[in-house]
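Read through the structure below, which is laid out as structure tokens, and then see the notes.
The values are calculated or read from the model by the stated rules, or taken from the named source; none is laboratory data. Treat the numbers as computed from the prediction; the structure is a model and nothing was measured. Cβ: placed from backbone, ideal geometry, glycine included. Neighbour counts: every protein chain shown. The protein model used for the area step is the full one, side chains on, heavy atoms only, and it has no ligands, DNA or RNA in it. Shrake-Rupley method; radii C 1.70, N 1.55, O 1.52, S 1.80 Å.
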Amino acid sequence: MQQPHIRDYKGKRVHMIGIGGSSMSGLAEMLMEKGYRVTGSDRSEGYLLGDVRAKGAEVYVGHRAENVRGADVVVYTAAIPADNPERAEAERLGIPSMERAYLLGQLMEGYPEAVGICGAHGKTTTTSMLSQILVECGLDPTIHIGGKLDAIGGSTRIGQGDAFLAEACEFRRSFLQMKPTMAVVLNIDADHLDCYKDIDEIESTFGQFMALVPQDGLIIGKGTDERILRQMAGLRCRKETFGQTAVCDWHPVNLREDDRGYASYELYHGDTPITTVTMAVPGGFNVENGLAALAAAHALGADMIKAAESLGRFRGAHRRFELTDTIDGVEIFHDYGHNPTEMRNALNVARKRCKGRLWAVMQPHTYSRVRSLFSDYLTCTAAADFTLVTDICAAREKDPGDLNSGMLVDGMRANGIDAVWTPSFDDTERYLRDRWQPGDLVLTMGCGDVNLLNDQIHQHEVQRKQP
């Protein structure tokens, strides 16, 4: 069947399978703003379903064949298999269907500046930084973020300017469906090894994404990542680098960090001083995210003094080291980090902030990720005093029967980490409340539904305080 184009269905019904995902929910909102009628389904009730319902989407919980009947076109995420009852029914009925990445690529068509921000880590944060900068600099961008940003009132924004900013995700090679005029490449790391053979294949696929940038376009890549530099080397378009060393085009000078991990520095472009930057989000990885955002903002025509001031007001997207509560003198945070590198980064930031003991609460995400990165999980919470591990979030996968969180905990203990298996959210909350002390910090981590643990703790605290 020929690939449908979304422009041919204006005013008609678009059914989205997996509408509760971070990207799909934003695309749903964007479609509704553009005049499409949107319905959708997801396997369970998630926190983003309320957002798309509030914007006018009709949403079903659970995947059933009847949900898709009457749709004019179907959009599904890469995680939805061909035997999903709704995909299968759409096929049976001859309803045109496309994967999410095709829709995003089609929506970006026609923009003079189509900016794809990719990398194993930091996509949402960097896209959010650049979004806030461009909005506050008056460049009026169109935006699609895989998260929620207060500065744009959600995860999407339709502007009248030249730029469309979007995260470019490597899962199942989705980003190869985009047509970027600018690529921002943050890092290349081992992840999604359920759909890649190894890190070399991941690198090669990032190279294919970079090669989509036309000769008059621009690639902005991390200048200390050998894999990125190797892939950039053979390309004929304009190239710039960012990073914490002076070999990079965009770099900091006199980089300083306070005792809570917040950095300030003089921004340089080559040998030229540009302005002073003071970060409002902590961590060395956010210094690099900010440098990437500033480099892209410069290329898009932003006033760099205003851009740096805007970055200095950026306090993060939701679910990115987000403070959700302070209870009994204990700060409770949530972070979306879901592989060992991201968890280690988040805990290093938490360690600097924590006045007492640091509690890491990990929800491992997908059996395939746990299996492929198993040894890395065993030490990634070393900065914490205590580690609690919930059951693995299966997400799109089925339990293989030979892997569980108890095996992770055993391996962590063998590496000297004080780890406990607390299978459910109730188990985890009970364990924390029985043991935390004033001055402690709790950080829940994962891209599944572990943020609902933070919501549960908050609701129980509200109920506890009611007369």
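Key figures for this structure:
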quantity: Cβ pairs under 6 Å, 6+ apart, first in the stretch 453-464 and free of Cβ contacts under 8 Å to residues at least 60 places away in the same chain, second of a type in the set (Phe, Trp, Tyr); calculated: 456/425
quantity: Among (1) modelled with pLDDT of 95 or more; (2) in contact with a strand residue (DSSP E or B) (Cβ under 8 Å, 6 or more places away or on another chain) - the single one residue 424 does not satisfy; calculated: (2)
quantity: Residue 147 modelled with pLDDT under 95, among the small types (Gly, Ala, Ser) and not in a helix (DSSP H, G or I); calculated: yes
quantity: Qualifying positions in the stretch 23-44 - under 19 Å from residue 146 (Cα atoms), open to solvent by less than 40 Å² (accessible area, probe 1.4 Å) and either of a type outside the set (A, V, I, L, M, F, W, C) or in contact with a Pro (Cβ under 7 Å, 6 or more places away or on another chain) (or both); calculated: 23, 25, 26, 29, 40, 41, 42
quantity: Unique match (being open to solvent by 30 Å² or more (accessible area, probe 1.4 Å) and at pLDDT below 95) among 366, 341, 326, 379; calculated: 341
quantity: Enumeration of residues in the stretch 45-81 that are open to solvent by 10 Å² or more (accessible area, probe 1.4 Å), in a helix (DSSP H, G or I) and among the aliphatic types (A, V, I, L, M); calculated: 54, 65
quantity: Output for the stretch 315-342, where each listed residue is part of a loop (DSSP other than H, G, I, E, B) and in contact with a strand residue (DSSP E or B) (Cβ under 9 Å, 6 or more places away or on another chain); calculated: 316, 317, 318, 319, 320, 321, 336, 337, 338, 339
quantity: Residues within the stretch 402-421 that are assigned to a loop (DSSP other than H, G, I, E, B) and crowded, with 16+ Cβ neighbours inside 10 Å, tallied; calculated: 3
quantity: Some residue of the stretch 208-215 being surrounded by 15 or more Cβ atoms within 10 Å (Cβ to Cβ), within 25 Å of residue 265 (Cβ to Cβ) and modelled with pLDDT of 95 or more; calculated: no
quantity: Any hit, the stretch 187-195, residues being open to solvent by less than 50 Å² (accessible area, probe 1.4 Å) and free of Cβ contacts under 8 Å to residues at least 60 places away in the same chain; calculated: yes
quantity: From 351, 344, residue being more than 17 Å from the chain's Cα centre (by Cα) and free of Cβ contacts under 8 Å to residues at least 60 places away in the same chain; calculated: 351
quantity: Looking only at the stretch 82-93, and only at residues there that are free of Cβ contacts under 8 Å to residues at least 24 places away in the same chain and assigned to a loop (DSSP other than H, G, I, E, B), the one that is least open to solvent (accessible area, probe 1.4 Å); calculated: 82
quantity: Which numbered condition residue 219 misses (of (1) open to solvent by less than 60 Å² (accessible area, probe 1.4 Å); (2) closer than 20 Å to residue 166 by Cα; (3) in a loop (DSSP other than H, G, I, E, B)); calculated: (3)
quantity: Yes/no for residue 174 being outside any helix (DSSP H, G or I), open to solvent by less than 20 Å² (accessible area, probe 1.4 Å) and modelled with pLDDT under 90; calculated: no
quantity: Filtered residues of the stretch 97-132 (kept if open to solvent by 10 Å² or more (accessible area, probe 1.4 Å), among the small types (Gly, Ala, Ser) and over 15 Å from residue 336 (Cβ atoms)); calculated: 97, 110
quantity: Unmet criterion (only one of (1) among the aliphatic types (A, V, I, L, M); (2) open to solvent by 10 Å² or more (accessible area, probe 1.4 Å); (3) touching a Ser or Thr at 6+ places or on another chain (Cβ under 9 Å); (4) over 20 Å from residue 27 (Cβ atoms)) for residue 151; calculated: (4)
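This table checks each residue for (1) outside any loop (DSSP other than H, G, I, E, B); (2) crowded, with 21+ Cβ neighbours inside 10 Å; (3) in contact with a helix residue (DSSP H, G or I) (Cβ under 8 Å, 6 or more places away or on another chain).
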{"site": "395", "(1), (2), (3)": "no, no, no"}
{"site": "400", "(1), (2), (3)": "no, no, yes"}
{"site": "423", "(1), (2), (3)": "no, no, yes"}
{"site": "431", "(1), (2), (3)": "yes, no, no"}
{"site": "434", "(1), (2), (3)": "yes, no, no"}
{"site": "454", "(1), (2), (3)": "yes, yes, no"}
{"site": "459", "(1), (2), (3)": "yes, no, no"}
{"site": "462", "(1), (2), (3)": "yes, no, no"}
